[in-house]
1. Could you tell me how many of the residues in the range 103-149 are under 24 Å from Val19 (Cα atoms) and either more than 11 Å from the ligand (Cβ to nearest atom) or not polar (S, T, N, Q) (or both)?
2. Select, from Ala158, Ala232, the only residue that is away from the ligand (no atom under 11 Å from the Cβ), modelled with pLDDT of 95 or more and under 14 Å from the mean Cα position of the chain (by Cα).
3. Which one is most open to solvent (accessible area, probe 1.4 Å), of the residues in the range 11-41 that are within 17 Å of the chain's Cα centre (by Cα) and over 18 Å from Leu70 (Cβ atoms)?
4. Every residue in the range 241-259 that is under 14 Å from Lys164 (Cβ atoms) and open to solvent by 50 Å² or more (accessible area, probe 1.4 Å), please.
5. Considering Gly47, Gly59, which residue is more than 15 Å from Ile234 (Cβ to Cβ) and modelled with pLDDT under 95?
6. Kindly list the number of the only condition in (1) free of Cβ contacts under 8 Å to residues at least 24 places away in the same chain; (2) within 16 Å of the ligand (Cβ to nearest atom) that fails for Trp244.
7. Would the range 173-195 turn up any residue that is more than 10 Å from the ligand (Cβ to nearest atom), within 17 Å of the chain's Cα centre (by Cα) and either of a type in the set (D, E, K, R) or closer than 17 Å to Gly47 by Cα (or both)?
8. Checking the conditions here, which among Lys164, Lys101 is of a type in the set (Lys, Arg) and touching a strand residue (DSSP E or B) at 6+ places or on another chain (Cβ under 9 Å)?
Amino acid sequence: MVTIRLQDEASGTFEGRVVVVTGAGSGIGRAAAVAFAAAGARVLGVGRREDALEETAAGHRRIEVHPADLRAPQAAQRAIDAAAARWGRVDVLVNNAGVTKVMPLGQTTAEGIGAVFDLNVTAPSLLARAALPHLRDSAGSIVNISSTYGHRPLPGAAHYAASKAALEQLTRSWAVELASAGVRVNALAPGPTESQALASAGLDETTIARIKAEETARIPLGRRGEPAEVAAWILRLADPASTWLTGQVLTIDGGLELA
Ligand SMILES: NC(=O)c1ccc[n+]([C@@H]2O[C@H](COP(=O)([O-])OP(=O)(O)OC[C@H]3O[C@@H](n4cnc5c(N)ncnc54)[C@H](OP(=O)(O)O)[C@@H]3O)[C@@H](O)[C@H]2O)c1
């Protein structure tokens with residue numbers, strides 16, 4: 001377990017700002033919600049499991065929860081409306097909720113593709129659309145959570161990789177499209193990070209242990225990442241002081257991409 005002291009913790013960089021974090025009930029999203037709150041933001045944590053979101057919010061008076069399935073019609077608009085109704089503004093949208101799916105080509109189905117793309121591509125798009133008027137007003141920013149597999153092949157889970165590649169391309173296109181509105185759009189591409197992602201993909205414990213050992217062996221820094229290490233970079237991309245950064249995809253993966 002690596003303990004990271006977030007640089008922004010004491011400085012209140014996000015004081016007075018409103019941040020919407022999707023997938024805030026676990027892993028990277030939970031760490032991001034807590035880090036934004038520690039940096040002074042009001043945070044709306046979105047996810048399906050209310051109990052998991054409440055766990056994230058416990059002890060953090062700046063975090064409020066909004067349980068929702070982001071694949072449901074109107075869910076994206078309602079989540080953004082909920083933040084705006086509570087606090088009157090939205091400064092940062094973190095499109096973090098995502099799903100991994102093992103789906104070799106021989107077993108690929110339209111339903112399987114839909115499950116991955118609905119959450120990893122369509123939901124971030126509709127959230128961004130709903131947030132746009134607020135982000136224009138606040139000169140805010142969007143941080144999309146991709147993956148190192150958004151720009152590397154992932155045999156056996158090609159549609160996960162393709163969904164993240166789509167998110168990276170949305171990032172670049174929106175960055176240019178929204179630049180004149182003063183809205184910045186960047187993406188973070190984490191490598192293998194401790195979270196519920198592998199279990200949520202339906203893998204059994206033995207398979208998860210094997211995958212983790214293989215990943216650890218391939219990562220030059222010799223270990224998988226911790227959610228707080230990833231969250232720290234989400235804050236840096238969203239930092240209002242990062243005024244000239246837009247359209248970038250930052251990989252944070254212990255050097256995996258180089259190996
Ligand atoms: N961990 C890694 O190794 C890794 C590496 C690269 C990229 N990423 C990306 O990082 C992001 C966060 O993943 P994580 O690793 O922190 O995994 P995680 O612990 O599984 O978190 C995913 C979150 O998304 C939420 N979610 C899932 N389906 C949803 C839906 N239909 N509507 C609303 N929320 C939903 C989940 O909460 P509920 O189940 O309560 O809805 C959960 O809190 C994902 O986009 C993932 O692709 C992860």
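The values are calculated or read from the model by the stated rules, or taken from the named source; none is laboratory data. Just so it is clear, the structure is predicted and the values come from calculations on it, not from any experiment. All Cβ positions, glycine included, derive from the backbone under ideal geometry; neighbour counts span all protein chains shown. Areas reflect the complete protein model, heavy atoms only, side chains present, ligands, DNA and RNA absent. Shrake-Rupley method; radii C 1.70, N 1.55, O 1.52, S 1.80 Å.
1. Matching residues across the range 103-149 total 26.
2. Ala232
3. Val34
4. Answer for the range 241-259, where residues must be under 14 Å from Lys164 (Cβ atoms) and open to solvent by 50 Å² or more (accessible area, probe 1.4 Å): Leu250, Glu257.
5. Gly59
6. Unmet for Trp244, out of (1) free of Cβ contacts under 8 Å to residues at least 24 places away in the same chain; (2) within 16 Å of the ligand (Cβ to nearest atom): (2).
7. yes
8. It is Lys164.
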